[in-house]
Amino acid sequence: MDPRRLRILLAVARTGSVVAAAAELFITPSAVSQQLKRLEQEAGRPLVTRNPRGTVLTPAGLIAAEAAEEIERAVGSASDRMKEGAGPSGTVRIGAIASALRSIIAPRIMEWQETYPRLAIHLVEGDTQTLTRDLRRRDLDMALIELDTAVEGEHLPAGMIEQPVLDDPWRLITPVTWKIDRTSIESSKSVLPWLGVDAPIMELAIERLRRVTDLEPSAVHVYYDPLTAVSLVAAGQGVAVLPALTLRGADLSQVRVLDLPGLGTRSLVLRRFVRDTSPDSPVGALAMEIRRAIVALDVVSIPT
């Protein structure tokens, strides 16, 4: 018996009438009747009877309908297995600095989980030094870290590669009361202290700023989160140098953001192992998604 006609018989069994089955299958009632007749010819016996309440199946028709249900279940199960088998599977441990995790990875994580249902994605936030250490120990599969573009890259262990994915310019953050243009800072305006941070890469940016201005940093407050620095600057407690990406989503209404010449940039770099470069591998697939997320990043919204 033709499985396509069995499907029509199953629709009649479920709806109780030829007209209702036709509506469910988006065909005409006459087409349903014709296919039932052909199916009965193939079976060699009546499969349905009609009464005032509708169309019911004969004992032979019930057997045929059960076969149709088994075919339907088998096709559905095969489809589910094929979907489950699509794409990479396993666990991927991704480390990232805070600004990259917040602005690049977090907004896309649910989309990636839907795209790769067989992948378990574990995220770890940390600084460059800690993430690099964990990657070397194989506690991470991939790390999105920051490096100063003016500093020569470190020697990577055998089997590890890195890929620059974004150049992120440094910005000078000052209170709105400071009258500063984008080309100079008058020493008479340097009445506020610098905000301190235990981050070598920021110290490099501050050192470059000192070479293009006559400001001397004298940290009073110490922060860790760049958004904390913005809040302290807004409160008139100091000035700071921050990467542009860290300012996304921050309240900048009470500060000035300046792209002062000479500050340079930091580079966001994706590090992983050579064995994971294939786009079909779990790490390779997510590395590709991270690069796509960065390409799609709305650079217009990065403060300048």
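Ignoring ligands, DNA and RNA, what percent of the 1.4 Å accessible area of region 229-304 is carbon and sulfur?
Solvent-exposed carbon and sulfur of region 229-304 make up 53 percent of the total.
So what is the accessible area of region 1-140 per residue, in Å², with the probe set to 1.4 Å?
Per residue, region 1-140 has an accessible area of 60 Å².
Leaving ligands, DNA and RNA out of it, work out the accessible area of residue 15 with a 1.4 Å probe and give it in Å² to the nearest 10.
Residue 15 has an accessible surface of roughly 50 Å² with all protein chains in place.
Sorted by accessible area (1.4 Å probe), largest first, how do 278, 267 line up?
My answer, sorted largest first, is 278, 267.
What relative contact order, as a whole-number percentage, does region 7-71 give when Cα pairs under 8 Å and 6 or more residues apart are counted?
34 percent
Stokes-Einstein diffusion coefficient for region 226-304 at 25 °C in a medium of 0.890 mPa s, Rh from the Kirkwood formula over Cα pairs: what value in µm²/s?
In µm²/s, the coefficient is 162.
Given 0.36 nm per residue, what is the gain on full extension from residue 177 to residue 115 after removing their alpha carbon distance, in nm?
My answer for the length gained is 17.5 nm.
Compute the distance in nm between two label points, each set 7 Å from the Cα along the Cα-to-Cβ direction, one at residue 158 and one at residue 24.
6.6 nm
Which value in nm describes the separation of the simple spin-label points at residue 253 and residue 278, placed 7 Å from the Cα toward the beta carbon?
Label-label distance for residue 253 and residue 278, simple model: 5.3 nm.
Average the reciprocal distances over every distinct pair of alpha-carbons in region 1-102, invert the result, and give the Kirkwood radius in Å.
Across region 1-102, the inverse of the average 1/r is 16.2 Å.
Report Rg (one decimal) and Dmax (nearest whole number) for region 94-137, counting Cα atoms only, units Å.
11.5, 32
So how much slack lies between residue 51 and residue 137, counting 0.36 nm per residue of separation and subtracting their Cα-Cα distance, in nm?
Additional length available on full extension: 23.4 nm.
The values are calculated or read from the model by the stated rules, or taken from the named source; none is laboratory data. For clarity, every value in this text was computed on a predicted model and none was experimentally measured. Note: ideal-geometry Cβ built from the backbone for every residue, glycine included; neighbour counts use all protein chains shown. Areas reflect the complete protein model, heavy atoms only, side chains present, ligands, DNA and RNA absent. Shrake-Rupley method; radii C 1.70, N 1.55, O 1.52, S 1.80 Å.
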